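What follows is a short report on a single structure.
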There are 2 protein chains.
Amino acid sequence: MTLPSDQQYWNQQSWVESANDPAVGFSLQSLPLCSFVPPDSADGASHLGVGIGEFVLDLHSLSSKGYFSRLGPDVEAALLAPQLNPLMRCGYGAWGPRRLMLSMDLLKGIDSRGRSELEPHLVPQRDVRFCSPFAVGNYTDFYSSIHHAENVGRLFRPDQSLLPNYKWVPVGYHGRASSLVISGTGIRRPSGQFRPPGQDAPEFKPTTQLDYELEVGAYIGVGNALGEPIPIDGIAAGVLGAESRIFGLSLLNDWSARDIQAWEYQPLGPFLGKSFATSVSPWVVTMDALDPYRVPLNPRTAADPKPLPYLAEPAWMERKSGFEIKLEVHLSTTQMRASSMAPVRLSRGNLRELYWSFGQMIAHHTSNGCNLVEGDLIASGTVSGPRDGSQGCLLEITRRGASPIRLPTGEVRAFLEDGDEVILTGFCERDGFPRISLGECRGTILPGAGPI
Amino acid sequence: MTLPSDQQYWNQQSWVESANDPAVGFSLQSLPLCSFVPPDSADGASHLGVGIGEFVLDLHSLSSKGYFSRLGPDVEAALLAPQLNPLMRCGYGAWGPRRLMLSMDLLKGIDSRGRSELEPHLVPQRDVRFCSPFAVGNYTDFYSSIHHAENVGRLFRPDQSLLPNYKWVPVGYHGRASSLVISGTGIRRPSGQFRPPGQDAPEFKPTTQLDYELEVGAYIGVGNALGEPIPIDGIAAGVLGAESRIFGLSLLNDWSARDIQAWEYQPLGPFLGKSFATSVSPWVVTMDALDPYRVPLNPRTAADPKPLPYLAEPAWMERKSGFEIKLEVHLSTTQMRASSMAPVRLSRGNLRELYWSFGQMIAHHTSNGCNLVEGDLIASGTVSGPRDGSQGCLLEITRRGASPIRLPTGEVRAFLEDGDEVILTGFCERDGFPRISLGECRGTILPGAGPI
């Protein structure tokens, strides 16, 4: 079941007035999902919710009133769960009808039954505590921004900024699933082993090169059996293709300790420089909401090698395998907050600047038979653009600290200091279509715990 | 609660006669845990079990008869679960009493009550199908054998076989948890992207360099909260120390496609060259069973740098942070099976040849605050010794195929062929102590699935 994609659909408005305010970014056409604890919760259990305007619609309380009974007992039970995994296990076919029911009943002027049924289950977003939307079994981080790869490569290998495999392989690695945290969780400055400049022997102490990475994560809605790769072109193969396995997108901050990472990463890749925490935003924006913002990816040129057949998107797919999502990083220091200054924007990038699409990442990930599981998280890697001001981490912006930035307070930053809050935002906007917000992904640096 | 560690304890025998046969290796003092489906199962559900002689003692059916009621409802319920995770969540204190109860009742000549209670719940091991003993949330693979690191380094970097960080950092990376499989599962030859020799452009096809890796895995029984590192010396810190967090050890085969791995691994480490499958053995041998086999690790010399304080074992710990476990790899080809030939031994190593202990791996892993979760799996990395005949993978034995081995059938192997079965075994033996088997970890190579 698909939603009508004509202009009339995208112009429809909701009786929830704040949903029609583009500045809010949670329109009738967006309806992102989340997990949250209601303010009046007796047991502190988290509920599934849908964002609409300035509210969360409580799916748990709606389901317990029988609202979703038409969708069968499995979906009804899945919507009572604290996270989205059980809904995914109901299958691809369960996603659309649920969305359509809510869309109809949130629509302005159809009838008053929907409003009377839904309105009691709206909770102001500002009153809730968000939780992780998925129990993530496996988290994979890619490296799909060629601008990021080139900028970082230039710092470490001036003679060969891009490795020979980059334009052939969607490079990725397994991240740490256990240390994924929800936006708003404080980030303790990690200690670790690294070599201070000019020293031969390493030391163990709190990182002095703490960084963020601006990324977008894709949650897997439909997995695959071990040994059964997912083809990039599902239509040609008669199965659900790679990108269609994605339930939705979120913002993700892959916090990184650059000194720890630099010392540890050879030969097996990043480990403790990353695994102390990875933050995700509360909202999962489903793929249908992003439909008007599909574009071709930017960076690939005719001079680049053609992807091998298992990664080759047919022309119709290539025209829309990227997403025009504006991504921003904002920083707020303790001093800025003390002076009631607004956070300062450090960069603005765009998800369409990736070299590899999410479909290509998933086709590659499973090409050896590796199984993806519902709720698995696939991240883009740092999203950087080609221009100054579009780089997604401090490592690139300050050239590993060599060119620190000056903030409006006069403060200087090579890397993050204790008390700094990093705020990632993402949104889509286009004339004639609703503005779609991905919400925020926040984290404040807490002082290190000192020696063990 | 601890078990008596005097000689009398280690000499005690069981009324299960095959438990007293050293060749079997499942003595009264071993009692490894597993998950299995009984032969007469109506629902196909897996039960927890304990190995004793040639039998599995069915903990599920014992618990449902009330045998464990003295240990409280949590432990009783945990022993009805299909895997060991719930038992871990009952806490460290729940492990010992369960073991002690079984030990007492399996002991020869104490009284006949134990025998009459337990005997109906013994199932011959040959009749059961084993399942994964833990639901593994996070799987980390280390690189703790210095001999392996040197042998592999020599193949890829003749001028610098050991990287500068090796003797300071227990190098590791996040592995793929979803593709862990139980011993006996067929291993489909993965396809992947790699550059055939002499070519500039890569191709996508079935790997031609399929390899095994002989490893030992440690299951985490007690995790830590995010942000709270686990100290190596728990006694000094007044908490449960790093190695004490381990519930038990198993054999592990980290199947590797060397051509895929070589092309993909820079700069983020191994990914699809490993993630198609990792096999684990059915048995989890708990740490108390291994007590007589504790030894100092071999390779560290006085010339090596002293570990940084967070990795430094006090002298009493250093004397016993290694394990004298003999590890062997056997190969059986289709042709060998057709001629009823026994598998041929490819190598014999010893777990004490590691440079880093499991305690050091865990202290390092959590030193940045990364949280371990009950059921997480920490693997040693390929266990290789310093001598020919003790290398734990074909990459080392055949020098990446340059020196293929000749089998008794006249067959030649540079890497694994379809139909080859790899059998890892592990055991401890010492005069005056029971022989402890880690069982077997088997896998047979199935032909590749062909193009996607």
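The values are calculated or read from the model by the stated rules, or taken from the named source; none is laboratory data. Remember, it's a predicted structure, so these values are computed and weren't measured experimentally. With ideal geometry, Cβ positions are generated from the backbone for all residues, glycine too; neighbour counts draw on all protein chains shown. Please note that ligands, DNA and RNA were not included when accessible areas were found on the heavy atoms of the full protein model with its side chains. Shrake-Rupley method; radii C 1.70, N 1.55, O 1.52, S 1.80 Å.
Going by the structure shown, is A:ARG176 at the interface with chain B (Cβ under 9 Å from one of its Cβ atoms), open to solvent by 40 Å² or more (accessible area, probe 1.4 Å) and among the basic types (Lys, Arg)? The answer is no for A:ARG176. Sub-8 Å Cβ pairs linking a first residue in the stretch B:332-344 that is more than 20 Å from B:THR425 (Cα to Cα) and modelled with pLDDT of 95 or more to a second residue that is of a type in the set (Ser, Thr, Tyr) and surrounded by fewer than 16 Cβ atoms within 10 Å (Cβ to Cβ), at least 6 apart or interchain, are B:GLN335/B:THR409; B:SER339/B:THR409, ordered by first then second residue. Taken over the stretch A:197-218, the criterion of being away from every other protein chain (no Cβ under 12 Å) and in contact with a helix residue (DSSP H, G or I) (Cβ under 8 Å, 6 or more places away or on another chain) is satisfied by A:THR208, A:GLN209, A:ASP211, A:TYR212, A:VAL216, A:ALA218.
Candidates A:GLU264, A:GLU215: the one that is under 24 Å from A:LEU424 (Cβ atoms), buried (at least 19 other Cβ atoms within 10 Å of the Cβ) and at pLDDT 95 or above is A:GLU215. Look at B:SER275 and say whether it is modelled with pLDDT of 95 or more, on the phi < 0 side of the Ramachandran plot, assigned to a helix (DSSP H, G or I) and assigned by TED's automatic domain parsing to the domain that holds B:VAL181. In short, no. The set of residues in the stretch B:139-158 that are surrounded by fewer than 22 Cβ atoms within 10 Å (Cβ to Cβ) and outside any helix (DSSP H, G or I) comprises B:ARG157, B:PRO158. Please enumerate the residues belonging to the stretch B:249-261 that are within 14 Å of another protein chain (Cβ to nearest Cβ) and either small (Gly, Ala, Ser) or open to solvent by 20 Å² or more (accessible area, probe 1.4 Å) (or both). Those that are within 14 Å of another protein chain (Cβ to nearest Cβ) and either small (Gly, Ala, Ser) or open to solvent by 20 Å² or more (accessible area, probe 1.4 Å) (or both): B:SER256, B:ALA257, B:GLN261. Is it true that some residue in the stretch B:372-385 is assigned to a helix (DSSP H, G or I), open to solvent by 10 Å² or more (accessible area, probe 1.4 Å) and modelled with pLDDT of 95 or more? No, the stretch B:372-385 contains no residue that is assigned to a helix (DSSP H, G or I), open to solvent by 10 Å² or more (accessible area, probe 1.4 Å) and modelled with pLDDT of 95 or more.
Close Cβ contacts (under 7 Å, 6 or more residues apart or on different chains) running from residues in the stretch A:108-121 that are closer than 16 Å to A:SER63 by Cα to residues that are in a helix (DSSP H, G or I) and charged (D, E, K, R) comprise A:GLY114/A:ASP105; A:GLU117/A:ASP105; A:LEU118/A:ASP105.
Within the set A:GLY450, A:GLY410, A:GLY426, the sole residue that is under 20 Å from A:GLU213 (Cα atoms) and either in a loop (DSSP other than H, G, I, E, B) or at pLDDT 95 or above (or both) turns out to be A:GLY426.
Checking each residue in the stretch B:350-365 for being in contact with a strand residue (DSSP E or B) (Cβ under 6 Å, 6 or more places away or on another chain), open to solvent by less than 10 Å² (accessible area, probe 1.4 Å) and under 16 Å from B:LEU438 (Cβ atoms) picks out B:LEU351, B:PHE358. Only one entry of B:GLY66, B:GLY72 meets the criterion of being under 24 Å from B:GLN125 (Cα atoms) and either of a type in the set (Gly, Ala, Ser) or open to solvent by 20 Å² or more (accessible area, probe 1.4 Å) (or both), and that entry is B:GLY66.
In the stretch A:127-138, the residue that is nearest to the other protein chains (Cβ to nearest Cβ) out of those that are closer than 20 Å to A:LEU214 by Cβ and either open to solvent by less than 20 Å² (accessible area, probe 1.4 Å) or not small (Gly, Ala, Ser) (or both) is A:VAL136. Among the residues of the stretch B:29-61, count how many are open to solvent by less than 10 Å² (accessible area, probe 1.4 Å), on the phi < 0 side of the Ramachandran plot and among the aliphatic types (A, V, I, L, M). Within the stretch B:29-61, residues that are open to solvent by less than 10 Å² (accessible area, probe 1.4 Å), on the phi < 0 side of the Ramachandran plot and among the aliphatic types (A, V, I, L, M) number 7. Residues considered: B:SER281, B:SER332, B:SER275. Of these, the only one that is farther than 22 Å from B:GLY241 by Cβ, surrounded by 19 or more Cβ atoms within 10 Å (Cβ to Cβ), among the polar types (S, T, N, Q) and in contact with a His (Cβ under 9 Å, 6 or more places away or on another chain) is B:SER275. Going by the conditions given, is A:LEU71 of a type in the set (A, V, I, L, M, F, W, C) and at pLDDT 95 or above? Criteria not met by A:LEU71. Among the residues of the stretch B:248-268, those that are over 22 Å from the mean Cα position of the chain (by Cα) and touching a residue at least 12 places away in the same chain (Cβ under 8 Å) comprise B:ASP259, B:ILE260, B:GLN261, B:ALA262, B:TRP263, B:GLU264. Of the helices (runs of 4 or more DSSP H) entirely within the stretch A:1-95, those holding at least 2 residues that are touching a strand residue (DSSP E or B) at 6+ places or on another chain (Cβ under 7 Å) occupy A:59-64. Taking the stretch B:249-267 as the range and being outside any loop (DSSP other than H, G, I, E, B) and touching a strand residue (DSSP E or B) at 6+ places or on another chain (Cβ under 6 Å) as the test, the residues that pass are B:LEU249, B:SER250, B:LEU251, B:LEU252, B:ASN253, B:SER256, B:ALA257, B:ARG258, B:ASP259, B:ILE260, B:TRP263. Yes or no: A:LEU214 under 26 Å from the mean Cα position of the chain (by Cα), of a type in the set (A, V, I, L, M), under 23 Å from B:ILE230 (Cα atoms) and assigned by TED's automatic domain parsing to the domain that holds A:ASP259? In short, no.
The listed residues are A:THR207, A:THR185, and the only one of them that is crowded, with 24+ Cβ neighbours inside 10 Å and more than 15 Å from the chain's Cα centre (by Cα) turns out to be A:THR207. Would you say A:ILE445 is open to solvent by less than 10 Å² (accessible area, probe 1.4 Å) and closer than 30 Å to A:GLN13 by Cα? No; evaluated as a whole, the condition is false for this residue.
Residues being crowded, with 22+ Cβ neighbours inside 10 Å and out of contact with any helix residue (DSSP H, G or I) (no Cβ under 9 Å at 6 or more places or on another chain): count how many of those fall in the stretch B:406-424. So the count comes out to 2. Within the option set A:GLY241, A:GLY221, A:GLY234, A:GLY192, being touching a residue at least 24 places away in the same chain (Cβ under 8 Å), of a type outside the set (A, V, I, L, M, F, W, C) and surrounded by fewer than 24 Cβ atoms within 10 Å (Cβ to Cβ) holds for one residue only, A:GLY241. B:TRP168 meets each of the listed conditions (1) assigned to a loop (DSSP other than H, G, I, E, B); (2) facing chain A (nearest Cβ under 8 Å); (3) open to solvent by less than 30 Å² (accessible area, probe 1.4 Å); (4) in contact (Cβ under 8 Å) with a residue 40 or more places away in the chain apart from (3). Can you tell me which of B:PRO282, B:PRO270, B:PRO292 is in a loop (DSSP other than H, G, I, E, B) and away from every other protein chain (no Cβ under 14 Å)? None of the other options fit; the residue is B:PRO282.
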